[in-house]
Every structure is written in structure tokens, then in C-alpha cells.
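See structure below.
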Amino acid sequence: MNQRTPVRRTASAALALLVLAVVPGCSGGVEGRPGAAGLRDPYFPRLGNGGYDVTHYDLVLDVDPAAQRLRGTATVTARATQDLSAFHLDLVGLTVDSATVDGRPAAVSRAGQKLTLRPDAGVRLSEGHTFRAVVRYSGAPRTLTDPDGSKEGWLRTADGSVALGEPTGSMTWFPSNNHPSDKAAYDIAVTVPEGLAAVSNGEPAAPVTAAGRTTYRWHVGEPMASYLATVAIGRFDTKNTKNTEKSGTAGGIEVFTAADRAVAADSTRILARIPEVVAWEARRFGPYPFASTGAIIGHPGDSGYALETQNRPFFPGPPNAGLLVHEMAHQWFGDSVTPESWRDMWLNEGFATYAEWLWVADKEGVPVRDSFDAAFRDDANWAFPPADPPTAADISQPPVYGRGAMVVDEVRRAVGDDARFFALVKGWTKAHRHGNASTADFTAYVEKATGRDLSELWSTWLYGRSRPAPKG
């Protein structure tokens, strides 16, 4: 994601949840307990849920863009990680019309963002059991205001809508285990009025039109965090090609782009650079981690920021090369190697910002040291340590980006050899490919790879609360 700035970025249900929390084995066909309602994320403690691991989402949406309403069916396939008497999904604003678990009707209760499903007495959700929950829902999806003032969730656009989910907004349009630590494969089908397009993540099937409405289907085979899922609905010029860059790490992948027709002509040149950027980054960060790439370019004003939605980042208007490089770098750092919690956001943004520094060094002759020095002099980068933002409103603020990139460059200096440094980076993306990683994972990995105790580096650049003296 590019840096966000404000505007630039029933009592009965609660009682039902309380009963679920204190009565083991209540409802359902197995002696167990409800999964946790929240994963105690440092900044969003109610986000996500315990007791199961999602392996696949099948989302079928029928959208009325004029009324900004949808009808949806979410089929959630998951494996129980404990004996479950009930479990939770994250969903806000929409009405649940019905739900089943393993084909049997499930009892439904709501409290805040938590949708609780209690399986029928004949359904056993014992530890290790793979089960399937089907939730049918409808209504007008909400737009959420983040702690930093930016908008996410379901955003209305000039001719449709776009769903952007970082950090919490995906729960406005589908029920999920809405935390980055639980990644899954996806199939997404969206039906819209004929003449509009629906663009999502992954690889497309041929659209089908009947009775004045068109269904678009998308498949995401690699694991994806819920915050990276997107649907963009509108009038787009689309293009689907193969990456012809001569690179064994990026060649041959599918490149799907969609540009709002109002800015399509102005987007042509930058979209044509996607294969170049992906191949350039693959040579530095390791094999491109997905089967497709691309971009979605909306109309300026659709949102106040770009976002690294998996396979094809979303941009509010044609981006410059630096922003394209930043969001594409997130395909490695954030999308493939996903943070364990929102405290680890600097691992996304620090590396993506560093990719920009590397790009201008290669393409414009601006030494990385000059970019480092500019970031070092910027007082905004020293407001707090990048690995310890003080509040949820700070996870997308300058220290996470600029000082995060300084951490990466300090690691490069500690390694002392560019070939060894980029081998270290490629090893990191390989070791955690399609998984999750924390700051502690990163520091331990670097120290093991270098055979050095780098405690001083971490205490100064990653966790230090004051700016060190400039280096000579």
C-alpha cells in the first residue's frame, strides 16, 4: 500500500455469545468449546477468529451497482483446530439470510462484527475435521473509516464500486476469518448488469451473459489473506496477455489489466511497463510468487490510496513508475510473505519502499544512499519505531515506510556484499513463500543467514525511539 493519510485516507445477541463462551459443548454435535472470537492482534484484538483454519472461500455475488446492494453466498471450507461447539466469522452490516454447516441448518447469532454459527446437533466438528459452512447474505455493504481517517471496505465509484480491505474492510462484503494470519485459496464469481465488468484477484474464466446480466469468474490458487481480496465493478478497458519478458523467474505469467475508461488512454504507457517491473523485481527478490499479475486503475477519487490487492494492485488513477514498483514489490512482501499480525506491517512497507530506492538507483542514477539520507533527515520518520507503532492509526504512517526501508538498507550494509544481500532477500521470500512471518522471524533469519549478532542494528533502527547520530 502507498502511504495513507486522512482523507488523502443487541443485547440478546451479546447474551447468546456469552452463553457460548462459558458453556462448553453447548449446541453442536461434539463435546467442545466455541472458537475464540478474536485473535488478539495488537491493534485489532477482535479481528479474526480461533478454532479453525480456512482453506478455501467460494464467493458468489450478485451486485446491483445503482442501488449499491448485493446478494451473496459464501462457502467457507475450513479445518477445525480444536473440538468446536461453535465458531465465528467476521461480518459487518449485511443481513444473514441463512447458514448451514456440513449441509445442516446452523443457528446464527450476531454481536458487533462477529457472526456466530452453531452447528446442528448431528454435525460433529472435532479437531482435524474439514467442514464446510455456507452463509447466504444480502444488503448494502458498508464503507468503513479507519483509525487513520482513510476509507475502506465497499467504496462507491462513479460507475460502480471497489472493495478494498486493508486492514479490516473485507468483512463488509463477505464473511471470513478476517486476519492476515489465516490465508486461503479463493473462487470469486460476480454478476453485474451487462455493460459493466467485475474485476477481481487471480485468473479469469470467460464471462457469461444471460438475461441482461454478466457473470465474471476468478480463481486464486495460491493462499491469499482476506485483506488482499478485491472486486472492482465499472466500465473498464481490459487486456489479458502473457508476460514476454525474457526472465526465467517472471516469463510466461498471465498479465491482466483493467483501466477505467475515463483514464484508459492515459494508463496505456504505465500498464505496458508491468512485465518490465515484475521481471526487474524477480531478479532481485526471487521468482514471482503467483500465476498472474496486472493492475486495476480506477478513476481518480475512487480512493485516497493505492493498495497491493493480490495479483493486481488497485490504483486511483494512473500511477507513476515509483508507485507501480512499490505496489508490485508487495506481491513478494505482504501478499506472498504476509505479516503474522498488523504490528509486522513494516515488513510489507519497508521492503516496498526500498524497492523504490533500488528502482531510482537503477533507472535514474540516484544512489540508494541518497534516498536513505533523505529519509534519515525527514523528522516524520522518527515519530516512533517502525516495529512498534503506538496505535492502530499509526500502522500506515511514515516510520513504517521510510524508516522501515532504512532498516533494510542497514541490513544490506551489515551484509557488506550486494550478491550476498540479494541472496539473503531471495532466501527470505523463499522460506516464507505463501505463508506468514513476524518481525522476530525476520531478525532471527537475518542473524542465522549472516552468522552475526545484530542486536545493535535492531535496537537502533527497528526499535530505537531517537534518531542516531548521522554516519560519516
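The values are calculated or read from the model by the stated rules, or taken from the named source; none is laboratory data. These numbers come from a predicted model, not from an experiment. Heads up, the Cβs are rebuilt from the backbone with ideal geometry, glycines too, and the neighbour counts pull from every protein chain shown.
Scanning region 436-472 for residues being part of a loop (DSSP other than H, G, I, E, B) and either surrounded by 14 or more Cβ atoms within 10 Å (Cβ to Cβ) or out of contact with any Ser or Thr (no Cβ under 8 Å at 6 or more places or on another chain) (or both) gives a total of 14. Scanning region 357-382 for residues that are more than 24 Å from SER459 (Cβ to Cβ), part of a helix (DSSP H, G or I) and of a type outside the set (Phe, Trp, Tyr) yields LEU358, VAL360, ALA361, ASP362, LYS363, GLU364, ASP370. Inside region 393-408, residues that are of a type in the set (Asp, Glu) and either buried (at least 22 other Cβ atoms within 10 Å of the Cβ) or in contact with an Asp or Glu (Cβ under 7 Å, 6 or more places away or on another chain) (or both) make up a count of 0. Selection of region 240-286 for residues being touching a Phe, Trp or Tyr at 6+ places or on another chain (Cβ under 7 Å), at pLDDT below 95 and small (Gly, Ala, Ser) yields only ALA250. When region 174-194 is filtered for residues that are within 20 Å of GLY139 (Cα to Cα) and touching a Lys or Arg at 6+ places or on another chain (Cβ under 9 Å), the ones remaining, listed by number, are ILE188, ALA189, VAL190, THR191, VAL192, PRO193.
One line per residue, one yes/no per condition, for (1) farther than 16 Å from ALA291 by Cβ; (2) out of contact with any Pro (no Cβ under 8 Å at 6 or more places or on another chain); (3) crowded, with 17+ Cβ neighbours inside 10 Å; (4) not acidic (Asp, Glu):
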| site | (1), (2), (3), (4) |
| --- | --- |
| THR191 | yes, yes, yes, yes |
| ALA198 | yes, yes, yes, yes |
| GLY202 | no, yes, yes, yes |
| ALA210 | yes, yes, no, yes |
| THR215 | yes, no, yes, yes |
| VAL220 | no, yes, yes, yes |
| PRO223 | no, yes, yes, yes |
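Looking at ARG433, is it closer than 17 Å to VAL337 by Cα, charged (D, E, K, R) and either at pLDDT 95 or above or surrounded by fewer than 19 Cβ atoms within 10 Å (Cβ to Cβ) (or both)? Considered against the rule, which asks whether it is closer than 17 Å to VAL337 by Cα, charged (D, E, K, R) and either at pLDDT 95 or above or surrounded by fewer than 19 Cβ atoms within 10 Å (Cβ to Cβ) (or both), ARG433 comes out as yes. Every condition in (1) among the basic types (Lys, Arg); (2) outside any loop (DSSP other than H, G, I, E, B); (3) modelled with pLDDT under 95 is met by ARG79 except one, and the failing one is (3). Scanning region 85-98 for residues that are assigned to a strand (DSSP E or B) and farther than 21 Å from ARG142 by Cα yields one hit, PHE87. Among the residues here, THR309 does not qualify as over 17 Å from the mean Cα position of the chain (by Cα), more than 19 Å from HIS432 (Cβ to Cβ), among the polar types (S, T, N, Q) and crowded, with 24+ Cβ neighbours inside 10 Å.
If you go through region 73-87 and keep only what is crowded, with 23+ Cβ neighbours inside 10 Å and either closer than 29 Å to ALA163 by Cα or hydrophobic (A, V, I, L, M, F, W, C) (or both), you end up with VAL76, ALA78, LEU84, ALA86, PHE87.
Of the listed requirements (1) surrounded by fewer than 24 Cβ atoms within 10 Å (Cβ to Cβ); (2) in the same structural domain as ASP394 (by TED's automatic domain parsing), ALA355 misses just one: (1).
If you check LYS471 against the conditions, is it over 17 Å from PHE372 (Cα atoms) and basic (Lys, Arg)? Answer is no for this residue. The residue list PRO385, PRO319, PRO390 contains one member that is crowded, with 20+ Cβ neighbours inside 10 Å, in a loop (DSSP other than H, G, I, E, B) and assigned by TED's automatic domain parsing to the domain that holds ASP441, which is PRO385.
The strands (runs of 3 or more DSSP E) found wholly in region 187-238 and carrying at least 2 residues that are more than 20 Å from ASP260 (Cβ to Cβ) occupy 208-210, 213-224. Could you tell me how many of the residues in region 157-186 are more than 22 Å from ALA67 (Cβ to Cβ), hydroxyl-bearing (Ser, Thr, Tyr) and not in a loop (DSSP other than H, G, I, E, B)? The qualifying residues number 2. The condition of being buried (at least 18 other Cβ atoms within 10 Å of the Cβ) and on the phi > 0 side of the Ramachandran plot holds for only one of ASP90, ASP102, that being ASP102.
The set of residues from region 105-118 being within 27 Å of the chain's Cα centre (by Cα) and either crowded, with 20+ Cβ neighbours inside 10 Å or within 12 Å of ASN49 (Cα to Cα) (or both) comprises GLN113, LYS114, LEU115, THR116, LEU117.
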